[in-house]
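Everything on this sheet refers to the single structure shown next.
The values are calculated or read from the model by the stated rules, or taken from the named source; none is laboratory data. Predicted model, so just to flag it, every value in this text is computed and none were measured. When we count neighbours, we look across all protein chains shown, and the Cβ atoms used for this are built from the backbone with ideal geometry, even at glycine. These area figures cover heavy atoms from the full protein model, side chains too; ligands, DNA and RNA do not enter into them. Shrake-Rupley method; radii C 1.70, N 1.55, O 1.52, S 1.80 Å.
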Amino acid sequence: MIWLGIDTANTPLSVAVVRDGELLVEEISAMAVNHSLRAMPAIEELLAKAGLEPANIDAIAVSEGPGSYTGVRIGVTIAKTLAWTLGKPLVGVSSLKVLATNALFFTGLICPIVDARRNNVYAGAYRLDAGKLMEVIEDGHYSLEELIQQLEKQEGPLLFVGKDTAMHEQQIVKRLGERAEIAPLHLNLPRASSLIYIAAQSAPETDVHAFVPEYRRIAEAEANWLKEQGKEKASE
C-alpha cells in the first residue's frame, strides 16, 4: 500500500511517501516558505523521486491541525482535492500527535507545543500505552499558564517537543523544574512519515467532502465579529 503524507499545519513543511511500511522518500523543511507555493511542487518532486504517478497512491494522510489557519487550510485543501480526484481514502491526524510521535519511546508524558501568540500555545499531552500514544491532556488552545497548571497535576517526567518550545522554555523550566525535559532539535519538526504511521495504525478513513480542519479555536476575525454582535444585541 502506498501512502502520501502531507503536513503544512505550521511553518515547517513535510511530505512523505511510504510503501508497505517502508519510507521511500521524505522532505522536511523548517524555513518560512509560503506553503501555497511550495507544497504541490514538493509532492510532485517526491513522487518523481520514488518513480510513482499520482494514480499509484493508495491513501492520503494529512495533518488536520491545530496550527496556522492558512497552513492547515492549504494542506487539507490539497489532500481533499487529491483524494477526491483520485478516488482515494483520506485520513486526518492531529498535528500535535504527529509531533509527539517523534518521541514515541519516551517513558513519561510527551507534550507537543506550537506557539499561538500572546503567550498562548496549541498543545496536548500524550503517554505511550501498549505501543500507542494515548491522549492525557486534550489537544487545544491554552494559555501557557493554563497548560503548566494542568501539567503540574501529572506525575513523572515531561518531554516538550516542537520548535516553538524554545520560545517558552524559560517559563516552562522555571515552573516545572527538573521534571521538564526539552527535546533535541532533530525531534522538533513534524515528519510526514510519522503522520502516515499514525494514519495507517489507528486513524479511521474520513469522508472527503465532510472532512474539515481541527483549528481548536475560532479565528481572531470571527471572535471580533462575535464580540461586535454581542455588543449590538446588548445595546438593543
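Some values worked out for this structure:
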item: Filter result for Y142 (part of a helix (DSSP H, G or I) and closer than 18 Å to L96 by Cβ); result: no
item: Number of the condition not met by K163 [criteria: (1) part of a helix (DSSP H, G or I); (2) basic (K, R); (3) under 18 Å from the mean Cα position of the chain (by Cα)]; result: (1)
item: Residue list for region 120-133, restricted to those being at pLDDT below 95 and in contact with a strand residue (DSSP E or B) (Cβ under 6 Å, 6 or more places away or on another chain); result: L133
item: Pick from region 12-37, criterion within 15 Å of R191 (Cα to Cα) and β-branched (V, I, T), ranking: surrounded by the fewest Cβ atoms within 10 Å (Cβ to Cβ); result: I28
item: Verdict on Y215 being surrounded by 15 or more Cβ atoms within 10 Å (Cβ to Cβ), in a loop (DSSP other than H, G, I, E, B) and among the hydroxyl-bearing types (S, T, Y); result: yes
item: Only listed residue being of a type outside the set (K, R), crowded, with 20+ Cβ neighbours inside 10 Å and in contact with a strand residue (DSSP E or B) (Cβ under 9 Å, 6 or more places away or on another chain), chosen from I2, I6; result: I6
item: Test: E155 is over 21 Å from I2 (Cβ atoms), in a loop (DSSP other than H, G, I, E, B) and open to solvent by 10 Å² or more (accessible area, probe 1.4 Å); result: yes
item: Residue satisfying all of: in region 91-133; aliphatic (A, V, I, L, M) and more than 16 Å from the chain's Cα centre (by Cα); surrounded by the fewest Cβ atoms within 10 Å (Cβ to Cβ) among these; result: A130
item: Leading residue by the ranking (least open to solvent (accessible area, probe 1.4 Å)) among those in region 38-89 that are farther than 25 Å from R117 by Cα and among the acidic types (D, E); result: D58
